[in-house]
Amino acid sequence: MAESSPMRFIPPALRPLTWPLVALGLLLLFNVIFTPGYLHIGMVEGRVSGYLVDIFRDGAAVMLLAVGMTLVIATGGVDLSVGAIMAISAVLAASMVTPEWNEANLGAWTNTLMADHIGVWIAIILLVSLIASVLAGAWNGMLVSVFKIQPIIATLVLMVAGRGIAQLICSGRIFTYDVPGLEYIGKGTLFGLPFSLFIVAGVVLATYALTRATALGLMIESVGDNDVASRCSGVPVRNIRFLVYMVSGLCAGLAGLIESTNVSSANANQLGLYFELDAIFAVVVGGTALTGGRFFLGGSIIGALLLQTLTNTMYAQEVSPEIALIPKALVILAVCLLQSPAFRRRVLGVFGAGKPSKSRAKAGGAA
Amino acid sequence: MSESSTHPPLLLVRGVSKSFPGVRALDNVELTLRRGEVHALMGENGAGKSTLIKVLTGVYPHDGGTIEFDGRAISPASPRDAERAGISTVYQEVNLVPTLSVAENLCVGRFPTRGGLIRWGAARRRAETALERVGLKLRVGRQLDEYSLAIQQMVAIARALDAEAKLLILDEPTSSLDESEVDRLLELMDSLRSGGLAILFVTHFMGQVYRISDRITVLRNGAFVAESMAKDLPRFDLIGQMVGKDPEALRAREAEVRALHQKKAGGGTLARVNGLGKQGSVAPVGFEIGEGQTVGLGGLLGSGRTETARLIFGIDKADAGSLEIDGKAHRPGSPREAMALGIAMTPDDRKVNGIIPNLSVRDNIVLALQSKRGIWRRISPKAQRDLAAKYIASLNIKTSNAETPVGTLSGGNQQKVLLARWLAVNPRLFILDEPTRGIDVGAKGEIEHLVADLAEQGMSLVFISSELEEVARVSQRVVVLCDREQVGELEGEAISEHAILEMIARAGEKEEEGETGWKPVPLGDEERNERDGDG
């Protein structure tokens, strides 16, 4: 699409990722210059540590959300409820390792089970949290695909109600716990690297396989691009919509577990607050258009990393949290402007990346 | 009317042409409008009616010829420009905001203000004056969509007339109105005509044309065909002019062509459409489709052809009758169900129901086959590429490669991609709705040829086209529809364009005699939404 621009040197498969990668590169460069020892990666007590590792560890939750959000946005929808689903999943897990809660709600046998077979109990906890998350996603999917409520409204319902549900589960209390087995999810290390990274990698690979080794990816894009024509071509539009919200719910549940076990507590009001906005930003920066159609999982991951790098840069520069939002907003604005063909044509001239296309993501080549 | 014709004409269009890349949309068109007359502009799809209106209203500049309006040459550069000159237009879709009040709709863009603030009292009075001109008394503070579609249409007319109009162009104003609403609108047109206004009336509904029009101008393929007094032009001749055939010469030629297509004698019956119908869409229709037979659905636009096809393919669910295949009755509720029965369909509206514009040619071609196999049994990338390459070659699809987004191809090539999509699933019954509409002559020939090949290979086809000659040529059986009702069926030797036209004309006349006049079955709003939705 960009024969007359520098874009022609970039393999088609990477073109959608160009601008977020450029922004990420610039941000890293800034850090390398202004943060001493930024690239240093050392071993501390058997684990790899350093600024770069922190980005991956801190960004795990948003990366996970971005995976599910990518699929939802590709169908032309959006999922505002992921932050609330994170809270539900986290609160469920935190409650189920709290003996008083178990005794009051599930019966004393659960505490016996927890005491005798903590591994089994943790497995049950994970199962319960994730099933609840998938059900929450299914609720969204039902509102959107069966009752045809606009996604932004349909998921807003759970965004608001979800935190109420989480509050209800824990009776408004903030449970803290000390269960190393559970905390391993958020804090543990495997081969010296944060365990959460392996979860993210596993989910990304599984989602990639799910969408590209089957026809699911094609059908998601088809639904997002023209749902009427998709239906007329026999695409099971309703089921596809249903499915992507369930996947998004599952990703949110995992993200909630990582985020809460990392701090060994679950706050129904604060956990995952505004994470949905970060996830949406990551997806859009990654080259998937909000109008649906072609989607780019890799781009979303880069978008999430970009966001986390930005946040961590603020920490490293000791920018106070109240002010940190402003430079963050400015960088986000800059990336969005870089992505806008109209802006590039007007302001950057030579970088104008060729023809005016509706959106770079939609006109882009391979996935 | 008779006295007005002695005045010099209000609008004189002479030799106007308009070309788009690859298409000559208007070629030397003439149009003469007189004050105080209703002038119908008729023609099939793609005849150039819309383009002519857009030239008159300044949406497109014209390439050649002159437009003389009210005694001086004009070439409006924008719709505002045309409005200032005195040409006002009400388009097919009501161009108003249903959730604003009547007054707001009438004054939007020209609110009376004082010091930057809207003077609501003056706005209301202005709205009331504008409504008086069309003989309406409404509570202008109420929301527009509290009123019926006909009233909304009249408000749109009032808004158009607000600007000192001399010529009013009505583009398909009645297409979403029911019978009594049409009556109201035609009454209004009559009274505006008495007031000296010239009205250019564009419609597909013949009954309305004959009820209200003084003169009729027919366009075909962008060219001027004839201007006649309505009372001197029999309905049958009008249809002949629109579709481009001398009614008398038709019969002889048809007989020859028919002989060529009769050789294929049908085997058994593949499917039987048993009174399939849907309230507000099409009255129950019934016909048989033989193995390897081509059944044409004949009729003018809006006659119920597409609606029938949509019921068979399950895009809309029928509420009466059934589709019998292999002796079992079905009522497909979705295209998926129809596909399971071995049915395929290329829809009439490529952009809405057909292509997935931003996906590649390859993705578009494999989509239906992939849907049929299911999500989990993906067609391997190599098989996808082979499939795409095969059809790009065999259908001669002009694209730079298989990965090009299909939305960037020309209409004819998009149509071929859609044909490829369905050929890939190897259907038993293939419904082709307007496969040749809106594509250039070359591609048209190729697609006609392809359809003939399919028929010869023994695929059963349902063929729909606005070009009745095309329908007559390829079909062994023709089901004739008029005003969303089946009005007859022709078989074998009896099929000719002439015979189809006669059947349509007769059906129309019969209804006129029955004093109810023309009787549309409009698509309700609900229906429209349903069409736009997914499932």
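The values are calculated or read from the model by the stated rules, or taken from the named source; none is laboratory data. All figures in this text were calculated on a predicted structure; none of them were measured in a lab. Counting neighbours? That spans all protein chains shown, and the Cβs are built from the backbone with ideal geometry, glycine included.
At a glance:
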item	result
Unique residue being more than 14 Å from every other protein chain (Cβ to nearest Cβ), buried (at least 24 other Cβ atoms within 10 Å of the Cβ), over 21 Å from A:Leu28 (Cβ atoms) and hydrophobic (A, V, I, L, M, F, W, C) when the list is A:Leu271, A:Leu307, A:Leu277	A:Leu271
In segment B:395-427, the residues that are touching a helix residue (DSSP H, G or I) at 6+ places or on another chain (Cβ under 6 Å), within 17 Å of B:Ile447 (Cα to Cα) and of a type in the set (A, V, I, L, M)	B:Leu395, B:Ile397, B:Val417, B:Leu418, B:Ala420, B:Ala424
Listing of helices (runs of 4 or more DSSP H) fully contained in segment A:82-136 that carry 1 or more residues being touching a Phe, Trp or Tyr at 6+ places or on another chain (Cβ under 8 Å), over 15 Å from A:Thr261 (Cβ atoms) and touching a residue at least 24 places away in the same chain (Cβ under 8 Å)	A:82-96, A:99-105
A:Gly217 being at pLDDT below 90, part of a helix (DSSP H, G or I) and out of contact with any strand residue (DSSP E or B) (no Cβ under 8 Å at 6 or more places or on another chain)	no
Exclusive hit being among the acidic types (Asp, Glu), at pLDDT below 90 and over 23 Å from A:Asn226 (Cα atoms), set B:Glu446, B:Glu403	B:Glu446
Any hit, segment A:286-299, residues being touching a residue at least 24 places away in the same chain (Cβ under 8 Å), closer than 29 Å to A:Val91 by Cα and not polar (S, T, N, Q)	yes
Residues within segment B:364-400 that are free of Cβ contacts under 8 Å to residues at least 40 places away in the same chain and within 11 Å of chain A (Cβ to nearest Cβ), tallied	12
Total residues in segment A:33-60, condition touching a Gly at 6+ places or on another chain (Cβ under 7 Å) and small (Gly, Ala, Ser)	4
Single unsatisfied condition, B:Pro98 versus (1) closer than 18 Å to B:Ala165 by Cα; (2) assigned to a loop (DSSP other than H, G, I, E, B)	(1)
Residue in segment A:162-176 that is hydroxyl-bearing (Ser, Thr, Tyr), buried (at least 18 other Cβ atoms within 10 Å of the Cβ) and touching a residue at least 12 places away in the same chain (Cβ under 8 Å) present	no
Residue list for segment B:337-357, filter: within 17 Å of B:Ala420 (Cα to Cα) and either without any contact (Cβ under 8 Å) to a residue 40 or more places away in the chain or facing chain A (nearest Cβ under 8 Å) (or both)	B:Met339, B:Met345, B:Pro347, B:Asp349, B:Lys351, B:Asn353, B:Gly354, B:Ile355, B:Ile356, B:Pro357
Hits in segment A:210-238 - residues which are in contact (Cβ under 8 Å) with a residue 40 or more places away in the chain and at the interface with chain B (Cβ under 7 Å from one of its Cβ atoms)	A:Glu221, A:Asp225, A:Asp227, A:Val237, A:Arg238
Strands (runs of 3 or more DSSP E) fully within segment B:393-494 counting 1 or more residues that are surrounded by fewer than 19 Cβ atoms within 10 Å (Cβ to Cβ) and on the phi < 0 side of the Ramachandran plot	B:485-491
Residue check, B:Glu288 assigned to a strand (DSSP E or B) and surrounded by fewer than 19 Cβ atoms within 10 Å (Cβ to Cβ)	yes
Residue check for B:Thr51: within 24 Å of B:Ser303 (Cα to Cα), of a type in the set (Val, Ile, Thr) and buried (at least 22 other Cβ atoms within 10 Å of the Cβ)	yes
Which listed residue is away from chain A (no Cβ under 11 Å), more than 21 Å from B:Leu432 (Cβ to Cβ), touching a residue at least 24 places away in the same chain (Cβ under 8 Å) and among the small types (Gly, Ala, Ser), from B:Ser360, B:Ser322	B:Ser322
Residue within segment A:244-262 that is touching a residue at least 24 places away in the same chain (Cβ under 8 Å), in a loop (DSSP other than H, G, I, E, B) and more than 7 Å from chain B (Cβ to nearest Cβ) present	yes
Pair list, Cβ < 6 Å and 6+ apart or interchain, from segment B:456-468 residues that are closer than 15 Å to B:Leu419 by Cα and charged (D, E, K, R) to residues that are buried (at least 21 other Cβ atoms within 10 Å of the Cβ) and modelled with pLDDT under 85	none
Number of the condition not met by B:Glu456 [criteria: (1) more than 24 Å from B:Ile315 (Cβ to Cβ); (2) touching a helix residue (DSSP H, G or I) at 6+ places or on another chain (Cβ under 7 Å); (3) assigned by TED's automatic domain parsing to the domain that holds B:Gln293]	(2)
